[in-house]
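As structure tokens, the structure follows; a few thoughts come after it.
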Amino acid sequence: MKDIVKDDAFLKNFITAIQDIIPQRGKLAETLATILEIEKEAVYRRLRGAVPFSFHEITKISLQLGISLDSIVGSTSTLNKVVNTLNFTNLRAEEYKMLDNFMAALRYMENDPESEIGAVGNIIPSSLCVSYETLYKLQILQWTCQFDDYQKFPTYDEIVIPEKLIAINRFFVESVQNSPKTIYILNKCILQQVVDNIRYFYDIKLLSDKNIKCLKEDLYLFLNDLQRYAEHGTFDTGKKMEIYLANIHFDVNYNYIDSKAYKITTLRAFSMSDAYSFDETLFSNMKRWVSFLKRTSTIISLSDVMERIRYFDDQRKIVDTL
């Protein structure tokens, strides 16, 4: 994967941060050569700026040396705030590269026992949704109707998910479910919104009876999986996860990644458009808000058995109405 970082200001700050930790040039080169498993001369080329560090290398060094990337990202850095409006029906090479870079970041969370992934919102979080092909196609259909410049909207059956995107989604789910801790704070009406969307697309002839049957099957499967996670307080991988039902309404959806190497805050607008930031103040505000939401929401993982059973029974009744 060629995930080269081209932000000169960021790279300069990153190299300075490394040199602050290990000021002796010879020792620094030796340490980096060991971490990256490359020759010393290749390290020197990177330190001189002749060859840029890749995102993969930056993340690996940060984890080993305890460098917080968000603390060295300047306000002028292109890594500070990025808007991701990918065309999921026709991804370009550079868009796949953006997804690959994000996956590279996730890969290292497994080695950070204090890392945490969180999702707060009123839609099914991506790390859950992409596991169910019919639900993911529905999400892409919704995005397409909102943003793609079609004279005539494609039907559900006309939407094709590229094999490469399917592989990325599979890796994404595996990475999240192998991370030390995941927190979901969900709107209680998530399934009702999905069912309402299905009815709308059926009414405008973009969904068939056969499509609805398949969607119902995946919705039941999703609920069965989510209930199992909630009962055990873990994914099937054994990694910890918590599910909360929020008692307040969310206008938009939020995600975050909290690790030693980097802290990312993501705002998900509409159905699949993300704006994400490495800004430390924004991240701190997000974590404070998440702490507040956890105190004011109902946890259904591990505790409150009756509330959990009642909730999932109610969600299945909603799906039954399709």
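Among (1) modelled with pLDDT under 90; (2) under 19 Å from L128 (Cβ atoms); (3) more than 19 Å from the chain's Cα centre (by Cα), which single condition is I264 missing? It is condition (3) that I264 fails. Just wondering, is there one or more residues in segment 223-237 that are surrounded by fewer than 18 Cβ atoms within 10 Å (Cβ to Cβ), hydrophobic (A, V, I, L, M, F, W, C), assigned by TED's automatic domain parsing to the domain that holds R295 and within 30 Å of E307 (Cβ to Cβ)? Checked against the condition, which is being surrounded by fewer than 18 Cβ atoms within 10 Å (Cβ to Cβ), hydrophobic (A, V, I, L, M, F, W, C), assigned by TED's automatic domain parsing to the domain that holds R295 and within 30 Å of E307 (Cβ to Cβ), segment 223-237 yields no hits at all. Those helices (runs of 4 or more DSSP H) of segment 141-255 in which at least 3 residues are within 24 Å of T265 (Cα to Cα), considering only elements entirely within it, cover 163-177. Within the option set N122, N169, being assigned by TED's automatic domain parsing to the domain that holds K239, at pLDDT 85 or above and over 13 Å from the mean Cα position of the chain (by Cα) holds for one residue only, N122.
The set of residues in segment 20-39 that are touching a helix residue (DSSP H, G or I) at 6+ places or on another chain (Cβ under 7 Å) and either under 13 Å from F53 (Cβ atoms) or of a type in the set (G, A, S) (or both) comprises A29, L32, A33, I35, L36. Taking the listed residues K210, K287, the one that is surrounded by fewer than 19 Cβ atoms within 10 Å (Cβ to Cβ) and modelled with pLDDT under 95 is K287, with no other qualifying. The single condition among (1) buried (at least 16 other Cβ atoms within 10 Å of the Cβ); (2) in contact with a helix residue (DSSP H, G or I) (Cβ under 6 Å, 6 or more places away or on another chain); (3) within 23 Å of Y311 (Cβ to Cβ); (4) at pLDDT below 95 that S175 does not meet is (3).
The values are calculated or read from the model by the stated rules, or taken from the named source; none is laboratory data. Just so we're clear, the structure is a prediction, and the values are computed from it rather than from any experiment. Positions of Cβ are generated from backbone atoms using ideal geometry, with glycine treated the same way; all protein chains shown enter the neighbour counts.
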